[in-house]
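The values are calculated or read from the model by the stated rules, or taken from the named source; none is laboratory data. Just so you know, these numbers come straight off a predicted model, no measurement behind them. Here the Cβ positions follow ideal geometry from the backbone for every residue, glycine too, while neighbour counts run over all protein chains shown. Side chains included, ligands, DNA and RNA excluded: accessible areas come from the protein's heavy atoms. Shrake-Rupley method; radii C 1.70, N 1.55, O 1.52, S 1.80 Å.
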Amino acid sequence: MPLIKNLSDHKTGIYLWKYDQEDRLDINFLIEPENRDRVKNYHPSKLLEMLMIRKMLKNRHPNSKILYRDGEPYLFPRTEEISITHSFPYAAIAFSENRIGIDIERSSPKILRVKDKFICPKETEFIPKEEEVRYLTIIWSIKESLYKMHHSKYWSLKRHYEVFPFSIDTPNKIRCRVHDETISDEFYARVKLFQNYVFTIVD
């Protein structure tokens, strides 16, 4: 199993894997009976992503499985909180005693088409034009991670999720928050940049 990054620390277990054609992934062993119908019409690359995540799960929790409630994955038995993400050929899974959100995104100019759906006015002020695609990808990924880990699950990434000014040269601890008229919960995102991908962790 070509695990390319182990980002674990004393609080969390975070594993990132890049698929290789030499990998052997047994669908009958790895996919839970409860999820067989869910995956039967999956595109081959999406199925491989699920299989990679289950393989990493088995290495940490051999007798556990991933189930879904309202589309959200959870570990059963629920010994830890989890978060999963994938962007083929990469897949990742995180484990923690507390809620955690991870996300991986490929940086692409296509994000320019949808930036008005998730960028708030304050964020436009610090995004340099010459690095717009990479900054937008980081902000999108942080907000996706926030959505996964925050209990409120607000629908608007533009209105309820905010990323504070940061530099792409030092992306290891980026302040961010989830907020509405009555609450403002602040967090710090860890951001890893490699090749043309952005990987974010919020816990």
Which of the residues belonging to the stretch 149-193 are over 20 Å from Glu81 (Cβ atoms), of a type outside the set (Phe, Trp, Tyr) and open to solvent by less than 40 Å² (accessible area, probe 1.4 Å)? Ser156, Leu157, His160, Glu162, Val163, Ile168, Pro171, Ile174, His179, Val191
Index of the failed condition, Asn59 passing every other in (1) at pLDDT 95 or above; (2) under 20 Å from the mean Cα position of the chain (by Cα); (3) polar (S, T, N, Q): (1)
Checklist (1) open to solvent by 50 Å² or more (accessible area, probe 1.4 Å); (2) charged (D, E, K, R); (3) over 15 Å from the mean Cα position of the chain (by Cα) applied to Arg106, failing item: (3)
Go through the stretch 4-38 and give me each residue that's more than 20 Å from Phe88 (Cβ to Cβ) and either surrounded by 14 or more Cβ atoms within 10 Å (Cβ to Cβ) or of a type in the set (Ser, Thr, Tyr) (or both). Ser8, Thr12, Gly13, Glu32
Can you tell me which residue within the stretch 98-136, out of those that are among the polar types (S, T, N, Q) and touching a Lys or Arg at 6+ places or on another chain (Cβ under 8 Å), is farthest from Ile53 (Cα to Cα)? Ser107
Conditions (1) without any contact (Cβ under 8 Å) to a residue 24 or more places away in the chain; (2) of a type in the set (Phe, Trp, Tyr); (3) farther than 18 Å from His150 by Cβ; number of the one not met by Tyr90: (1)
Answer yes if at least one residue in the stretch 19-40 is within 22 Å of His150 (Cα to Cα), touching a residue at least 60 places away in the same chain (Cβ under 8 Å) and of a type outside the set (A, V, I, L, M), and no otherwise. no
Filter result (open to solvent by 30 Å² or more (accessible area, probe 1.4 Å) and either among the basic types (Lys, Arg) or more than 10 Å from the chain's Cα centre (by Cα) (or both)) within the stretch 129-148: Lys129, Glu130, Glu131, Val133, Arg134, Trp140, Lys148
